Structure formats: C-alpha cells, structure tokens
Amino acid sequence: MIRIFGVFTIICATLASAGAARSDAPVTIFAAASLRGALEAALDGSGIDVRVSYGGSGTMARQLAQGAPAEVVILANVAWMDWLEENGHIAVSTRTDLLGNRLVLVGPRGAADLGELNADTLRERLDAGRLAVGHTEAVPAGIYAREWMQAGGFWDALRPQLAETDNVRAALALVSRGEAPLGVVYASDAQADPGVRVLARIDPDLHTPIVYPMALVTGADNDGARAVLEHLVSKRAGDAFVAHGFSRVGDAP
C-alpha cells in the first residue's frame, strides 16, 4: 500500500514520532517532488507498506534535520544529501546514487518550435511573461537551470523574468496552465504532464550532473526500510523509473 502526503510540518512530525517507530507502521519516505508518479510505479507490487511525502529537496532535507519522522530519503541533488550526511542525519553506509535525469525547456501544449537557445530567442518568446523554474538557490532543478543559464551566458538577461517556485512540479504547473510561456523542468516532469511540450533538450555538459541519491535516515534501520532500499535498486523498479523518463545512474543522459 502506498500513501501519499504533502510536505510534513514540524507539528505533524512531533505528533507522529511515536507511531513512526512501530515495527508494523508503514515505511515513511521523504522524496523529491519530481519523483511523484514514478516512485509509486517503482514501488507498485513490492508488497511493502509505505507512505510518501513529496517536496523540494531542500525542504525535505531541512524537515529531516528538524526531526520529521522518516526512514528513507531520496533527493534530487547531491549537495543536499551531502548536507544531511555532514550533519549526521543519514546512515552513510546505506547511501547510494539511485537515478539520473536531464533538463528540458518546455512550453504549453501547442507552443511553436524554438530555434537556437540564446538570450534573444528566449526573451523574444517570453515577451512580457516569465520563465518558470525551481528556486535557483534552493531547489535542485532551479540550481541546475541557473548553472545552464550562467554557462550559456544569458543569466543576467533572463534573471529579471524568472518565476521561481518551491519545487519543480510547481514550475511545471505554471507552464501547463499557460501562466508562463516557458519553463525549465526535468525530462521526467515533461513526460508526466500532457499540458506541456518539450521545446529543447538542455545540454547536460552545461550544468552539474543530475543525480538522485537515496539513503536511510539515521536511527531508521529496520527491515521495512531496508526492504525499500533493496527494492528500489532492483531491475523491476529501475524499469519503472526509466519508463517515467528517468535514467539509471551510469546511463548516458
């Protein structure tokens, strides 16, 4: 059984902490927002009782650091997992790189093709609108997007027209609803939403490699949590992730 929750608040974490330790309780997973849909598919048929809370990787990491009850964490950014490791919040021996992804530029469904990606073509398409991205200082997809814009030489030109969101799925929604003419999201996000069209695949050499690390949370080493980790690195789970637009670590982006 898979239960899906929004981002836990600290109050909810405190109230739930006693129940989370029960051996018969579902395994709680904190996961990057971009995994919504794909993670459920990967866990389907595993027989493991889980509940999943999705949110921005930075939000998930900070929640864990403040005591939110979870046994497994999967983020969309190595730096945030490094931060959890440095502060003693994950079991280091269980850490593994689970998935890869890539950035794409999307427009609303039916948007016209976009030519060469440069400051002029992007600003022309944006007109008075905004480029939807995850927060460029905290959300992994936004951090990667900022790196791409800086490497491409159009960060300064586009920065005033950014619409920064709390997670990448929120950026995707702005484009899907026609509230933003362009957005930078993951390929897996674009595949999940028929309301958007991929206008360009962003060169992965222009940003840090996109890797999804996974680990057990400190103090959460139990049979159920271990079973989740073992299942998610299986071929069956990997095939489900690939079908949702992710890549296995080591595959070409």
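The values are calculated or read from the model by the stated rules, or taken from the named source; none is laboratory data. Keep in mind the model is a prediction, meaning the values are calculated, not measured. Ideal geometry is used to build each Cβ from the backbone, glycine not excepted, and the neighbour counts take in all protein chains shown. Surface accessibility is based on the protein's heavy atoms, side chains included, excluding ligands, DNA and RNA. Shrake-Rupley method; radii C 1.70, N 1.55, O 1.52, S 1.80 Å.
Using +1 at the C-beta of Lys and Arg and -1 at the C-beta of Asp and Glu, which of V139, V78, A38 has the Cα lying farthest in the positive direction of the dipole of the chain?
Selected residue: A38.
Taking the alpha-carbon centroid of each part, what is the distance from the stretch 167-244 to the stretch 114-140 in angstrom?
Between the Cα centres of the stretch 167-244 and the stretch 114-140 lies a distance of 20 Å.
So how do 84-90, 33-39, 230-236, 178-184 stack up, highest first, on mean other-Cβ count within 10 Å?
Ranked from most to least packed, the peptides come out as 33-39, 178-184, 84-90, 230-236.
For the chain, find the longest principal axis of its Cα atoms and tell me its angle to the long axis of helix 223-232, 0 to 90°, nearest 10.
30 degrees
Taking θ = phi - 60°, what integer Hz values does the Karplus form 6.51 cos²θ - 1.76 cosθ + 1.60 yield along the stretch 109-122, in sequence order, with x for Gly and Pro?
Per-residue couplings from phi come out as 3, x, 5, 6, 4, 10, x, 4, 7, 8, 4, 5, 5, 5 Hz.
Antiparallel as a % of all DSSP beta bridges within the chain, to the nearest 5?
Counting only bridges with both partners in the chain, antiparallel ones make up about 50 percent.
Hey, any idea what % of the chain's accessible area is carbon plus sulfur with a 1.4 Å probe?
49 percent
For helix 140-152, report the angle its Cα long axis makes with the longest principal axis of the Cα atoms of the chain; keep it between 0 and 90° and round to the nearest 10°.
The two axes meet at around 30 degrees.
Please get the size of the charge dipole for the chain, origin at its Cα centre, with Cβ charges of +1 on Lys and Arg and -1 on Asp and Glu, quoted in debye to the nearest 20.
Magnitude of the dipole: close to 460 debye.
Select from V106, V185, V198 the residue whose mean-square fluctuation is largest in a Gaussian network model of the chain (Cα-Cα springs shorter than 10 Å).
Among V106, V185, V198, the largest GNM mean-square fluctuation belongs to V198.
At 7 Å along the Cα-to-beta-carbon direction for both D205 and D82, put a label point, then send me their distance in nm to one decimal.
2.3 nm
Using modelled amide H (1.01 Å from N, peptide plane; none on Pro or chain starts), what sits under 5 Å from the amide H of V52, excluding residues fewer than 5 places away?
HN-HN under 5 Å from V52: R3, I4, F5, I29.
With springs only between Cα atoms under 10 Å apart, run a GNM on the chain and tell me which of A128, A215, A243 wobbles the most.
A128
What residue among A141, A192, A119 has the largest mean-square fluctuation in a Gaussian network model of the chain, using Cα springs under 10 Å?
Most flexible of the set in this elastic network: A119.
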